[in-house]
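First comes the structure, then the notes that go with it.
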Amino acid sequence: MDTELVVLFLGDTKTAHKPGSFTDFFLTGPNGIFTGFSTEFVSRAWNLEESVVKKLVGSQSSKGIVKLEPGFKMPEPNPAHRDGMALNCEEAPLDVDIKDGGKVVVLNTKNLPLVGEVGLGADLVRLNGNAMCSPGFSCDSALQVTYIVRGSGRAQVVGVDGKRVLETTVKAGHLFIVPRFFVVSKISDPVGLEWFSIISTPNPIFTHLAGKTSVWKALSPQVLQAAFNVPEDVEKEFRSKRTAEEIFFPPPN
C-alpha cells in the first residue's frame, strides 16, 4: 500500500558538528561509512572479498530514501518492542473530550515514562469544525513546537507584552513555535483542525484564559471591574459567559 509518512524531528543542536544544524550519521548511502573507507579496509574489517565490497559500495542508492521494489518483504513489527518505547496517540485514552468541541491526548510520564528521561512531552489535539481552542499558555514555562497534521484554520499568538506576534492561517504541513509564556488560540475551518505539539517538559501543564477554568473566574468582581475599568454591568456580563465550557468552544449557533 502506498501511503505518505511524515516524520517530525526535534533536537538540541548546540553540540552538533555544525551548531544549529542536524548532524546526520548514515551507515549506508552516499554519505555512509562504506563510502569513506577504502576497499581494503572494508574488506579486512568485515572479512569480505574485495569483489563483494565493490558491489556493496557501488550498489548503494544515491538518495537518503530507498524505494523498495514491488513484492519486497520487510519484517513485521514486533509488538513487544513497543513496550515503554512508543505510544499510539490514536488509540490512547482521551484526556479531554468535549462534544462538538474537540479531543486531546497528552503524552507524559504517566502513559510513556520514557519522556521523563528525554525531557519532552507532547499532545495530540483534534478541534471540530468551526470550533475554538481557548487562549492558553504553558504555566510551567515550556515552549511548544506545533505541527498541523490535518485540516486548516487560523491561529493567533500574543506575547508577554500583550502584543500579537503571530496571526496566520494554518493547514496540514505547517509548523510554528509558541515561546515560553506566550498565549496561543486557534479557530478551525469547517473541515476541522488537528495538530501535534512537542512540549519542552515531560509533564506539561496549561492554563486557559477563557472557559470555566479561567483564572479570571477566581478574581472578585470588584478587582475585574477596576482592572478593566468598566461599569459593573459589563463586568457581570463578562463573568457570566463561558461558565460551563472547558478549553474547546463549539461553533456559535
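The values are calculated or read from the model by the stated rules, or taken from the named source; none is laboratory data. The structure presented is a predicted model; accordingly, all values stated were derived computationally and were not measured. FYI the Cβ positions are ideal-geometry reconstructions off the backbone, even for glycines, and counts take in every protein chain you see.
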- Task: Go through region 183-215 and count every residue that is free of Cβ contacts under 8 Å to residues at least 60 places away in the same chain and over 29 Å from Glu237 (Cβ atoms).
- Result: 0
- Identify, please: which residue in region 99-121 is in a strand (DSSP E or B), touching a residue at least 24 places away in the same chain (Cβ under 8 Å) and touching a Pro at 6+ places or on another chain (Cβ under 8 Å) and is, among those, farthest from Gly153 (Cα to Cα)? Gly121
- Query: Considering only residues of region 27-85 that are loosely packed, with under 12 Cβ neighbours inside 10 Å, in a loop (DSSP other than H, G, I, E, B) and of a type in the set (Ser, Thr, Tyr), which is farthest from the chain's Cα centre (by Cα)?
  - Reply: Ser38
- Query: So which residues in region 46-79 are within 13 Å of Thr28 (Cβ to Cβ) and among the small types (Gly, Ala, Ser), if there are any at all?
  - Reply: Gly58, Ser59, Ser61, Ser62, Gly64
- Task: Give the residues of region 122-141 that are modelled with pLDDT of 90 or more and part of a loop (DSSP other than H, G, I, E, B), sorted by residue number.
- Result: Asn128, Gly129, Asn130, Ala131
- Per the list (1) at pLDDT below 95; (2) outside any loop (DSSP other than H, G, I, E, B); (3) of a type in the set (Ser, Thr, Tyr), residue check on Thr168 breaks on (1)
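For residues in region 218-247 being in contact (Cβ under 8 Å) with a residue 24 or more places away in the chain and exposed (fewer than 15 other Cβ atoms within 10 Å of the Cβ), which is farthest from Gly162 (Cα to Cα)?
Of all residues in region 218-247, those in contact (Cβ under 8 Å) with a residue 24 or more places away in the chain come to 242-247.
Within this subset, residues satisfying the condition of being exposed (fewer than 15 other Cβ atoms within 10 Å of the Cβ) are 243-244.
On the way: Thr243: 25, Ala244: 27 Å.
The residue in question is Ala244.
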